[in-house]
1. Go through segment 101-176 and tell me which strands (runs of 3 or more DSSP E), entirely inside it, have 1 or more residues that are out of contact with any helix residue (DSSP H, G or I) (no Cβ under 7 Å at 6 or more places or on another chain) and among the acidic types (Asp, Glu).
2. Scanning for something outside any strand (DSSP E or B), over 17 Å from SER117 (Cα atoms), charged (D, E, K, R) and open to solvent by 20 Å² or more (accessible area, probe 1.4 Å), does segment 33-51 turn up at least one residue?
3. Consider ARG120 carefully, then state whether it is touching a Ser or Thr at 6+ places or on another chain (Cβ under 7 Å) and more than 17 Å from VAL142 (Cα to Cα).
4. For segment 77-94, which residues satisfy the criterion of being part of a loop (DSSP other than H, G, I, E, B) and surrounded by 14 or more Cβ atoms within 10 Å (Cβ to Cβ)?
5. Just to be sure, is ALA165 open to solvent by 40 Å² or more (accessible area, probe 1.4 Å) and in contact with a Pro (Cβ under 9 Å, 6 or more places away or on another chain)?
6. Go through (1) on the phi < 0 side of the Ramachandran plot; (2) in contact with a strand residue (DSSP E or B) (Cβ under 9 Å, 6 or more places away or on another chain); (3) loosely packed, with under 14 Cβ neighbours inside 10 Å and name the single condition GLY54 misses.
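The values are calculated or read from the model by the stated rules, or taken from the named source; none is laboratory data. If you're wondering where the values come from, they're calculated on a predicted model, not measured in any experiment. Neighbour counts are summed over all protein chains in view; Cβ atoms, including those assigned to glycine, are modelled from backbone coordinates with ideal geometry. The protein model used for the area step is the full one, side chains on, heavy atoms only, and it has no ligands, DNA or RNA in it. Shrake-Rupley method; radii C 1.70, N 1.55, O 1.52, S 1.80 Å.
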Amino acid sequence: LDAEVRADTWAWDGASWRPVTEDGPPARFANFLVYDPARRNLVLYGGHVVVEDGPLAVADTWLWDSSGWREVAADSAPGPRVNARAVFDPGPQRVLLVAGGSEAATLDDVWGWDGTSWTRLAEHALPPRQAHGLAYDSTRQVLVLTGGLDQPGTAARHQDVWESAGTAFERVYPPD
């Protein structure tokens, strides 16, 4: 890696950045970090940590609140993954982890975090993706997934849009 990977945490107060702590998750990249308003904390999952032999995908869950970072044991974790995306789904009050990549493949699964454990959600069938865009459209109450890569390494870069209203993802652009 050419860039330095750091393990510090900073906070923005609306005018400037300030360091908050250096205690917490090991330095990493290609993880996700999302706010969980139901439990009033940040959820960090997976990514690559830097080891002597190079990047290593991990499967750890960390929570941040006003008291700092803490790792939570989640036996049900989705497994090592990088370039996954996450969003808070207000209907069932859970964080959704969508797809991502393992060391060997691009994944097509969806997992829910309820503040205690991860559960694989079978109702969300989608194409394998990593490094994609993901958002929750609160007006229409749908998940919107766009673009991304379909395989590790020399992957195709997609420019499509998929939506899910709680069931399978359906491609909405480009039309069939």
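1. 106-113, 133-137, 157-164, 170-173
2. no
3. No: the conditions fail for ARG120.
4. Residues satisfying the conditions are ALA77, PRO78, GLY79, PRO80, ARG81, ASN83, ALA84, GLN93.
5. Details: open to solvent by 40 Å² or more (accessible area, probe 1.4 Å): yes; in contact with a Pro (Cβ under 9 Å, 6 or more places away or on another chain): no.
Against the criterion (open to solvent by 40 Å² or more (accessible area, probe 1.4 Å) and in contact with a Pro (Cβ under 9 Å, 6 or more places away or on another chain)), ALA165 does not qualify.
6. With (1) on the phi < 0 side of the Ramachandran plot; (2) in contact with a strand residue (DSSP E or B) (Cβ under 9 Å, 6 or more places away or on another chain); (3) loosely packed, with under 14 Cβ neighbours inside 10 Å applied to GLY54, the lone miss is (1).
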